[in-house]
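Participant: This structure is in structure tokens; I'll ask about it shortly.
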Amino acid sequence: MADYDYENIKIEKEDGITWFILNRPEKRNAMSPQLHYEADDALEKLQTDPDTKVLVLTGAGDEAFCAGQDLKLYFRGTADDPVERAKAAHASNSWRWRRLSTFPRPTIAMVNGYCFGGAFTPVCACDFAIAAEDAQFGLSEINWGILPGGIVSWNVADVMSYRDAIYYAVTGDIFDGKRAEEIRFINYAVPKEKLREETIKLARKLMEKNPVAVRFTKEAIRAARHMSLEQATDYLRAKSDALKAADKEGGRDEGMKQFLDDKSFRPGFEPYKRQAG
Ligand code: COA
């Protein structure tokens, strides 16, 4: 595949933001095996792309973020082909979870419409999630006699409360963006016409911060919540030392200098002024 030349996803780069767009609007951006292979390939390249300061995952068109796995091409289409099914399942979990949840730059899921079943995984994998108030979320698997597979049950048990995870998985009830915010499945919901603008606003805020500190911080939060206190104490000490070594712009010293010596900023309210872009 030539760089970012795909049929089922679209990559657009603008001012440090890479828009990672699921691009099958006529099928409500349902995920076919081909889409998984392309998405996996694209994320592998983007993880070392210097132009990508923030990655935004969204769906093409007005109606859907992603209608989950493609029932025809992913489920029925590979039912008699275990090799293809295994390949597709591997690519599916690779990009939706492993690559996205460990992406070195901040990731935002911008949920612009329908979000069903297997689409919950990349929403949970992203560091942030913003949705249109009228976006429709549904764990619809129950409605056709299966359970939230792949790793969806694991994702919702992790991100939602226990009560909400069981409720929405067993009833299949739809919930909108406002409700998704209320139960803290997403960060916040905004009117649909403001969705892009609000997403860019968050992306810009993230881009003002020291990028190495942002990366190490999100990695620390993800890792620490499943550790004991003793493990976390030790890990965070080592992680802090690693951050200091990895941060070539010396943010810690620069921040202290600007606050203590120059008196040019207050860390309580804003990031220190960075030289590098
Ligand atoms: N798999 C395969 N095809 C899908 C799909 C999916 N998950 N979701 C939508 N499509 C296809 C439809 O088959 C239809 O194709 P066609 O035009 O060739 O007939 C097209 O996308 C439009 O879907 P349609 O149902 O007509 O659109 P809608 O706007 O009325 O409804 C949804 C949209 C998303 C509510 C509805 O398509 C739906 O329920 N999809 C399944 C969602 C789901 O359960 N996903 C979980 C899978 S794990």
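Participant: Starting from the amide H of residue 131, placed 1.01 Å from N in the peptide plane, find each other amide H under 5 Å away whose residue is 5 or more places distant or on another chain.
Facilitator: Here 111, 188, 189, 190 satisfy the definition.
Participant: Could you work out [θ]222 nm for the chain from helices alone, using -39500 (n - 2.57) per DSSP H run of at least four and dividing by all its residues? Round to the nearest 500 deg cm²/dmol.
Facilitator: After summing the helix terms and dividing by residue count, I get -11500 deg cm²/dmol.
Participant: Among 191, 116, 275, which residue has its Cα positioned farthest towards the positive end of the charge dipole of the chain, with +1 placed on the Cβ of Lys and Arg, -1 on the Cβ of Asp and Glu, and the dipole taken about the Cα centre?
Facilitator: 275
Participant: When the accessible area of the chain is computed with all protein chains present and a 1.4 Å probe, what percentage of it is carbon and sulfur?
Facilitator: 53
Participant: Under a point-charge model restricted to the Cβ atoms of Lys and Arg (+1) and Asp and Glu (-1), what is the dipole moment magnitude of region 1-118 relative to its Cα centre, in debye to the nearest 20?
Facilitator: Details: 15 positive and 19 negative charges, 96 e Å.
That gives region 1-118 a dipole magnitude of about 460 debye.
Participant: Right, next: Solvent-accessible area of residue 193, probe 1.4 Å, all protein chains present, reported in Å² to the nearest ten, please.
Facilitator: 150
Participant: Quick check: from the Cα gyration tensor, does region 67-216 come out rounded (a/c under 1.5), prolate or oblate?
Facilitator: oblate
Participant: Something else about it: List, in the order given, every pair from 10/72; 53/87; 45/87; 194/239 whose Cα-Cα distance in the structure shown is over 26 Å. Display every interim value, and only then the final one.
Facilitator: Details: 10/72 22 Å; 53/87 30 Å; 45/87 19 Å; 194/239 37 Å.
Check vs 26 Å cut-off fails for 53/87; 194/239.
Participant: Treating only the Cβ atoms of Lys and Arg (+1) and Asp and Glu (-1) as charged, compute the dipole magnitude of the chain about its Cα centre; round to the nearest 20 debye.
Facilitator: Result for the chain is approximately 700 debye, rounded to the nearest 20.
Participant: Enumerate the calculated ³J(HN,Hα) couplings along region 240-254 in order (Karplus 6.51 cos²θ - 1.76 cosθ + 1.60, θ = phi - 60°), each rounded to whole Hz, writing x wherever the residue is Gly or Pro.
Facilitator: Karplus values, whole Hz, x for Gly and Pro: 5, 5, 5, 5, 4, 5, 7, 7, 5, 8, x, x, 4, 5, 5.
Participant: Another question, if that's okay. Which whole-number percent is the relative contact order of the chain (Cα, under 8 Å, 6+ apart)?
Facilitator: Values: 439 pairs, mean separation 37.2, N = 277.
13 percent.
Participant: Give me D for the chain in µm² s⁻¹, whole number, from Stokes-Einstein with Rh from the Kirkwood sum over alpha-carbon pairs, 10 °C and 1.306 mPa s.
Facilitator: Numbers: Rh = 19.9 Å.
Translational diffusion coefficient: 80 µm²/s.
Participant: Here is a follow-up. What is the log10 of I(q)/I(0) for region 137-273, computed with the Debye formula using one identical point scatterer on each Cα and no solvent, at q = 0.15 Å⁻¹?
Facilitator: Cα-only, vacuum Debye calculation for region 137-273: -0.99.
Participant: Also, quick follow-up: Restricted to Cα positions, what overall size does region 1-130 have along the principal axes? Three whole-Å values, descending.
Facilitator: 44, 28, 25
Participant: Same structure again: Could you report region 1-66's accessible area per residue, 1.4 Å probe, as an integer in Å²?
Facilitator: Ligands and nucleic acids excluded, the figure is 42 Å² per residue.
The values are calculated or read from the model by the stated rules, or taken from the named source; none is laboratory data. Here the structure is a predicted model, which is why all the values come from computation and not from measurement. Positions of Cβ are generated from backbone atoms using ideal geometry, with glycine treated the same way; all protein chains shown enter the neighbour counts. Protein only, heavy atoms only, side chains kept; ligands, DNA and RNA dropped before computing areas. Shrake-Rupley method; radii C 1.70, N 1.55, O 1.52, S 1.80 Å.
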